[in-house]
Amino acid sequence: MASHVLVTGGAGYIGAHACKVLKAAGFVPVTFDNISTGWEEAVKFGPLFKGDLMNRADIDAVLVQYKPVAVMHFAALSLVGESMKHPGLYWRVNVNGALNLLEATVAAGIRNFVFSSTCATYGDQDGVLLNEDTPQRPINSYGGSKLAIEEMVRNFSAAYDLRHVIFRYFNVAGADPEAEVGEQHTPETHLIPLMLDAVAGKRPALTVFGTDYPTRDGTCVRDYVHVMDLVDAHVLGLKWLLEGKDSRVFCLGTGNGFSVTEVIDASRAVTNRDVPMTYGDRRPGDAVTLVSGSEAAIRDLGWEPKRSTLRDMIGDAWRWAQAEPFKA
Ligand code: UDP
């Protein structure tokens, strides 16, 4: 019988793509989601259990019902700008939700935990390439809450029979090339979908946040990784744990940094259309440059990023942008 994997946030952008590849790898992905920022329609690859991480009884119920071999924890609030305006919300939802989940996981005797962390835990590091050993000094509440959860996961692994893989994501972009699932947020705040909305005339213009950063063209530099490559790494991380290997942290980025201006230029090449845009102030909480300098996932997990070029990420996002949107 196929093993079940609990996927918190399976109705969200990354979680839904993870469910697709988990199913393809022979697992049954069980989505646990409160549908606050996700979409019921995105749950296509396994059962949906509607519940809330703030409610321990919901988590216990899904674990009793499906007896998963592992938990993949994606569910979180994840917007840097919002986290600067509402720190309490980020600390409460992200940290309390993860704490309830970890306690329920251990109580249910589940031994494998995969956690979505972020390069936002590093903060601003003056252009250094970031790897698993780089000290973490978050500059926004989103990154702070994720770092706190990393510590919690490590503490639980030390105390109980639990092993973990923590992935620190760089900037996740693109969509399922088959367009079964894709990126959709309300409100949308991410660069590539906002840019493509402006290209398609669904918004008047993209605002570039800050043009006076100390980078080659004055705009922020990020390391973009294709969502399909990212979720492939999660299946490898899951198998790593199921093979009994030790707890690890892996950065998931490509080592290539692109400025906002370079992303816009790449979009012109992919869509053959202009990007209506304006220039605005810096967005509070944004680091100047976030680029991964790690090859650990490639070396140790056997990860092979296949679609993480700007061309493929923007091309797949553009195809998804033409598809029917999910309905609430
Ligand atoms: N960005 C921008 N205009 C927007 C949205 C984002 O210039 O409307 C910039 C943002 O300042 C950052 C980069 O694009 O430098 C990526 O932002 P996004 O919100 O996509 O991801 P984040 O880095 O916050 O996870």
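Classify the stretch 175-328 as rounded, prolate or oblate from the Cα gyration tensor: take a ≥ b ≥ c as the square roots of its eigenvalues, call it rounded if a/c is under 1.5, otherwise prolate when a/b beats b/c and oblate if not.
On the way: a/c = 2.18, a/b = 1.43, b/c = 1.53.
In terms of gyration-tensor shape, oblate.
For the pair Asn272/Lys85, report the inter-label distance in nm, with labels modelled 7 Å from Cα in the Cβ direction.
Between Asn272 and Lys85, the simple spin-label model gives 3.9 nm.
Rank Thr261, Gly97, Val231 by how far each Cα sits towards the positive end of the charge dipole of the chain (+1 on Lys, Arg Cβ; -1 on Asp, Glu Cβ) and give me just the farthest.
The residue sitting most towards the positive pole is Gly97.
Per residue, how many Å² of accessible area does the stretch 223-328 show with a 1.4 Å probe? Present the calculation step by step, with values, prior to reporting the outcome.
Working: 4920 Å² over 106 residues.
Per residue, the stretch 223-328 has an accessible area of 46 Å².
So what's the angle, to the nearest 10 degrees on a 0 to 90 scale, between helix 97-107 and the longest Cα principal axis of the chain?
Orientation of helix 97-107: about 30 degrees from the principal axis.
Summing Lys, Arg as +1 and Asp, Glu as -1, what charge do residues with Cβ under 13 Å from the Cβ of Val64 carry, Val64 excluded?
With Lys, Arg at +1 and Asp, Glu at -1, the neighbours total 0.
Within 10 Å of each candidate Cβ there may be at most 13 other Cβ atoms; applying that plus a DSSP loop requirement, which GluC sites (Glu not before Pro) in the stretch 48-133 survive? Intermediate values should be presented prior to the final figure.
Working: sites: Glu82, Glu103, Glu132; in loops: Glu132.
Passing both the DSSP loop test and the Cβ count: no residue.
Take the solvent-accessible surface of the protein heavy atoms, probe 1.4 Å, and return the percent of it on the stretch 233-328 that carbon and sulfur atoms account for.
Working: 2300 of 4830 Å².
Accessible surface attributable to carbon and sulfur in the stretch 233-328 totals 48 percent.
Apply the a/c threshold of 1.5 to the C-alpha gyration tensor of the stretch 190-257 and tell me whether it is rounded, prolate or oblate.
Working: a/c = 4.66, a/b = 1.98, b/c = 2.36.
Oblate, because a/c is 1.5 or more while a/b does not exceed b/c.
Which translational diffusion coefficient, to the nearest whole µm²/s, is obtained for the stretch 86-129 from the Stokes-Einstein equation, given a Kirkwood hydrodynamic radius over C-alpha pairs, 25 °C and 0.890 mPa s?
Translational D for this selection: 191 µm²/s.
Please find the FRET efficiency linking Asp126 to Asp281, where r is the Cβ-Cβ separation and R0 is fixed at 25 Å, and quote it to the nearest 0.05. Mind showing how you got there, number by number?
Numbers: r = 22 Å, r/R0 = 0.87.
For Asp126 and Asp281, the calculated efficiency is 0.70.
At a temperature of 4 °C and a viscosity of 1.567 mPa s, determine how fast the chain diffuses translationally according to Stokes-Einstein, using the Kirkwood radius over alpha-carbon pairs as Rh; express D in µm²/s, rounded to the nearest whole number.
Rounded, D is 65 µm²/s.
Given H placed on each backbone N at 1.01 Å, which residues far from His4 in sequence or on other chains put an amide H within less than 5 Å of it?
So His4 has HN proximity to Val28, Val69.
For the chain, what does the helix formula give at 222 nm: sum of -39500 (n - 2.57) over DSSP H segments with n ≥ 4, over the residue count, nearest 500 deg cm²/dmol?
Values: 10 runs with 113 residues, N = 328.
Theoretical 222 nm ellipticity from helices: -10500 deg cm²/dmol.
About the Cα centre of the chain, how large is the charge dipole given +1 on each Lys and Arg Cβ and -1 on each Asp and Glu Cβ? Please answer in debye to the nearest 20. Present the calculation step by step, with values, prior to reporting the outcome.
Working: 31 positive and 39 negative charges, 72 e Å.
Using only the charged Cβ atoms, the result is roughly 340 debye.
Let a ≥ b ≥ c be the square roots of the eigenvalues of the Cα gyration tensor of the stretch 108-242; is it rounded (a/c under 1.5), or, if not, prolate (a/b larger than b/c) or oblate? Spell out each step's value before the answer.
Details: a/c = 2.42, a/b = 1.47, b/c = 1.65.
It is oblate, given that a/c is not under 1.5 and a/b is not larger than b/c.
What is the dipole size for the stretch 128-172, taken about its Cα centre, with +1 at each Lys and Arg Cβ and -1 at each Asp and Glu Cβ, in debye to the nearest 20? Mind showing how you got there, number by number?
Working: 5 positive and 5 negative charges, 23 e Å.
It works out to roughly 100 debye.
Would you kindly find the accessible area of Met54, with a 1.4 Å probe and non-protein molecules such as ligands, DNA and RNA excluded, rounding to the nearest 10 Å²?
80
Equivalent ellipsoid semi-axes for the stretch 1-140, as square roots of 5 times the alpha carbon gyration tensor eigenvalues: give them largest first, rounded to whole Å. Walk me through the intermediate numbers first.
On the way: eigenvalues 145, 57, 47 Å².
Each semi-axis is √(5λ); the values are 27, 17, 15 Å.
If you build the Cα gyration tensor of the stretch 158-220 and take the root of 5 times each eigenvalue, what three semi-axes come out, in whole angstrom, biggest first? The partial results should precede the final answer.
On the way: eigenvalues 199, 89, 22 Å².
Listed largest to smallest, the semi-axes of the stretch 158-220 are 32, 21, 10 Å.
Carbon and sulfur atoms: what percent of the 1.4 Å accessible area of the stretch 1-114 do they account for? Please report the intermediate quantities before stating the final value.
Details: 2520 of 4560 Å².
After summing per-atom areas, the C and S share lands at 55 percent.
Which one, Leu206, Gly12, Pro68, is farthest towards the positive end of the dipole of the chain when Lys and Arg carry +1 and Asp and Glu -1 on their Cβ?
It is Pro68, whose Cα lies furthest towards the positive end.
Under 25 Å Cα-Cα from Lys20, which lysines qualify once same-chain neighbours fewer than 8 residues away are excluded?
Within reach: Lys44, Lys50, Lys67, Lys146, Lys239, Lys245, Lys306, Lys327.
What is the magnitude of the charge dipole of the stretch 102-261 about its Cα centre, with +1 placed on the Cβ of each Lys and Arg, -1 on the Cβ of each Asp and Glu, and no other charges, expressed in debye to the nearest 20?
Numbers: 13 positive and 21 negative charges, 46 e Å.
Here the size comes out at about 220 debye.
Taking every DSSP beta bridge that has both residues in the chain, what percent is antiparallel when rounded to the nearest 5? Intermediate results must be reported in sequence, preceding the final value.
Working: 2 of 39 bridges.
DSSP beta bridges in the chain are roughly 5 percent antiparallel.
The values are calculated or read from the model by the stated rules, or taken from the named source; none is laboratory data. This one's a predicted model, so the numbers in the text were calculated from it and none came from an experiment. FYI the Cβ positions are ideal-geometry reconstructions off the backbone, even for glycines, and counts take in every protein chain you see. The area values use the complete protein model at the heavy-atom level, side chains included, leaving out ligands, DNA and RNA. Shrake-Rupley method; radii C 1.70, N 1.55, O 1.52, S 1.80 Å.
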